[in-house]
Every structure is written in C-alpha cells, then in structure tokens.
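**Q** Below you'll find the structure I mean.
The values are calculated or read from the model by the stated rules, or taken from the named source; none is laboratory data. Remember, predicted model here, so these are calculated numbers, not experimental data. With ideal geometry, Cβ positions are generated from the backbone for all residues, glycine too; neighbour counts draw on all protein chains shown.
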Amino acid sequence: MSATAAHAPSKSSFLERHYHLLRRLHSLTGVAPIGVFLIPHLTTNSSIVWGEVFNAKKYAELGAGSAGVATFQHEVNFIHDLPALIFIEIFVLWLPIAYHAILGVYFARSGRANTERYAYQANWRYTFQRVSGYLGVLFLFMHISSLRWGWTYGGIMPSFDADNAASSTALHLQGGFFPYFNAVFYLVCVLALVFHFANGLWTAGITWGLTISKQAQQRWGVVCAGIGMALAAAGVSAVVGFSTLDATKAEEIENKMQSEVAVLTEPAAPQ
Ligand code: HEM
C-alpha cells in the first residue's frame, strides 16, 4: 500500500466506520435503560387495577373503589419526589430513547440489520420488529411530549397533572380524535412496544454472543416470551383500567388525599 493511500481520509461515513460499536450501543440502550424502565413503568400504570385488589384495606378510609386511584397517586408522588428527576429523565430516558430511535430507523432503512442477528430469526418477527419500531417512535414522541411536556396537539392529547395523576391519565386515554381513540391507539402501541422489547431481548442474546446454540436460543426464547406476556398483561390492565375509570370520581378521591396531607402537614395553631 502506498503512503498516500494509507493516509487518505476514509470515504465511508462515521456510521459505517463505527458500525459495530454503534450497533452494540443500540442493543444495549434497548435493554437498559429503556427496557428496564418499561418494567416498573407498566407495573406502576397497572396499579390502577392491582391497587384496587391489594390495597383496598390500606385506603379504606377514602371510601370503596378508591384504592386503585390512591395507589397510582402514591406511586406518582414517589417518582416526582425523586432528587434531580429532570437529569434522570434527560440522561437515563430521553437521550437513550432518541439514540435508540434514530439509529433504529437508520439500521432498518439501510437493511444491514439483515446480515447479523436477524439472520437467525423467523421472517415475520424480523418484519414486525421494524413495524413496531416505527410505530414506537411515533407513540413515544406523542406520549412523552403530551404527558411530560404538556403538548396537547390541539386538545386531542389531554396533558398529565401529577397532583391529579389518575384522573388526568384517564382523560388522556378517553380522549383523541373521537372518544376512546387514544385508548385504542395506546392498546395497539403498548402491545407493539412490548413485542419490540421482548423480541429485541431475544436478539440481544445473539448480538452479545450469549445464546450461540439452537438450544440456548430456544430456552432464552421461552424466558423472553414469558417477560413479554407478563408486560402485555400489565399494559392491557393499565389501558383498560384508565379507559374505564370515572375521571370525576377519581378527582374527588385525589382531592380528598391532598386535603388529608394538608391537615397532617399543617403547623399546629398556637394555644
Ligand atoms: C399502558 C400504557 C401507558 C400509560 C398509561 C403510561 C402513562 C404514563 C404517564 C402518566 C407518564 C407521565 C409520568 C410522570 O410525569 O410522572 C408517562 C411517561 C412516560 N412513558 Fe408511559 N405510559 C404507558 C406506556 C408506555 C410505554 C409502552 C412506554 C415505552 C417505553 C412508555 C414510556 C414512557 C416514557 C419514556 C415516559 C417519560 C417519563 C419521564 O420522563 O419521567 N410509556 N407514561
């Protein structure tokens, strides 16, 4: 090789030169933090249903049928009291999601994904991984921008109010272009994203060289399917729970909780 050729600037793009590193980072961000976040997120959201069953005694003084709303409000208060929440959100959620989404679209469009881990899996899962990825980008952008940044899209995505957590989430899901449009949109997108995560977890085993034999891939497939089904159950419970919640009644429960906290934290009147 001539000295000129050795020092000639590479004509390939940054993405092509660092393809393997970027691909691994893409796989990593999908598993953690994004996938890891999804587990407590869907567990918290489904508390609108399981809270009603498991916390009925704990919140009995708020009245019958209040425990789901109270449990969800309690979980949201815990999250909003975390120190430096905005830094956690930016660096642990929004930037990794943006990276995963942008690189995901690039890999899907360049077709190079075909040659590596996807060579091992069934065609329909390969196709649906891409379809659910595109849908996920749209859903997550609308979801985060409306519930976290307060964009209402002309009223079709009612925003979230952390002090009235369950009632505002119920209004969000019961709204849309027509009543309950968002509930259907959420149901489809949440199930698509759960598939995307569970199938991505399976292909990550190949990407990281952890599941090399056919038997190992089959065993890991059973674990991933189990995780996917548990998350799907949590996601469906959350969507159904908020879509069927009476938002006016939920707001009364939340206001009752706030006035009880105010009484408990009020300084005692001087004697
Ligand atoms: C079952 C349907 C879902 C419901 C009811 C729901 C509900 C919510 C709510 C209420 C918030 C605002 C939280 C807050 O400000 O404290 C939120 C934020 C968020 N959700 Fe969901 N969510 C659902 C599904 C999903 C899915 C499938 C994902 C996929 C990863 C996801 C990712 C996020 C992210 C990244 C945020 C921003 C969190 C933050 O910045 O603090 N959500 N969601």
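**Q** Do we have any residue at all in the stretch 241-254 that's within 24 Å of T29 (Cβ to Cβ), within 22 Å of the chain's Cα centre (by Cα) and modelled with pLDDT of 95 or more?
**A** Within the stretch 241-254 (the criterion being within 24 Å of T29 (Cβ to Cβ), within 22 Å of the chain's Cα centre (by Cα) and modelled with pLDDT of 95 or more), the answer is no, since none of the residues qualifies.
**Q** How do the pairs read when you match residues in the stretch 192-208 that are over 15 Å from H100 (Cα atoms) and touching a residue at least 60 places away in the same chain (Cβ under 8 Å) with residues anywhere that are within 12 Å of the ligand (Cβ to nearest atom) and of a type in the set (S, T, Y), using Cβ under 6 Å and keeping only pairs 6 or more apart or on different chains?
**A** Pairs found: A192/S132; F195/S132.
**Q** Something else: Taking the condition surrounded by 18 or more Cβ atoms within 10 Å (Cβ to Cβ), outside any helix (DSSP H, G or I) and either modelled with pLDDT of 95 or more or near the ligand (Cβ under 9 Å from one of its atoms) (or both), does P179 pass?
**A** No: the conditions fail for P179.
**Q** Given the residues L231, L201, which is the only one that is within 16 Å of the ligand (Cβ to nearest atom), in a helix (DSSP H, G or I) and touching a Cys at 6+ places or on another chain (Cβ under 9 Å)?
**A** On inspection, the qualifying residue turns out to be L201.
**Q** As an exercise: evaluate A108 against (1) within 25 Å of F242 (Cα to Cα); (2) touching a residue at least 24 places away in the same chain (Cβ under 8 Å); (3) more than 16 Å from the ligand (Cβ to nearest atom) and give the number of the one condition it does not meet.
**A** Unmet for A108, out of (1) within 25 Å of F242 (Cα to Cα); (2) touching a residue at least 24 places away in the same chain (Cβ under 8 Å); (3) more than 16 Å from the ligand (Cβ to nearest atom): (1).
**Q** Just the residues that are hydrophobic (A, V, I, L, M, F, W, C), surrounded by 15 or more Cβ atoms within 10 Å (Cβ to Cβ) and without any contact (Cβ under 8 Å) to a residue 40 or more places away in the chain, please, taken from the stretch 57-78.
**A** A67 - this is the single residue of the stretch 57-78 that is hydrophobic (A, V, I, L, M, F, W, C), surrounded by 15 or more Cβ atoms within 10 Å (Cβ to Cβ) and without any contact (Cβ under 8 Å) to a residue 40 or more places away in the chain.
**Q** Now, a different point. So, in the stretch 156-167, of the ones that are touching a residue at least 24 places away in the same chain (Cβ under 8 Å) and surrounded by 19 or more Cβ atoms within 10 Å (Cβ to Cβ), which residue ends up nearest to the ligand (Cβ to nearest atom)?
**A** The residue in question is A165.
**Q** In addition: If you check Y134, Y153, which single one turns out to be out of contact with any Asp or Glu (no Cβ under 8 Å at 6 or more places or on another chain), over 20 Å from N45 (Cα atoms) and free of Cβ contacts under 8 Å to residues at least 12 places away in the same chain?
**A** None of the other options fit; the residue is Y153.
**Q** Using beta carbons and a limit of 8 Å, which pairs, at least six apart or on different chains, have the first residue in the stretch 12-39 and farther than 17 Å from L191 by Cα and the second one basic (K, R)?
**A** Going by the 8 Å Cβ cut-off, the qualifying pairs are Y19/R112.
**Q** Scan the stretch 127-139 and give yes if some residue there is within 11 Å of the ligand (Cβ to nearest atom), among the polar types (S, T, N, Q) and surrounded by fewer than 16 Cβ atoms within 10 Å (Cβ to Cβ), otherwise no.
**A** No, every residue in the stretch 127-139 fails to be within 11 Å of the ligand (Cβ to nearest atom), among the polar types (S, T, N, Q) and surrounded by fewer than 16 Cβ atoms within 10 Å (Cβ to Cβ).
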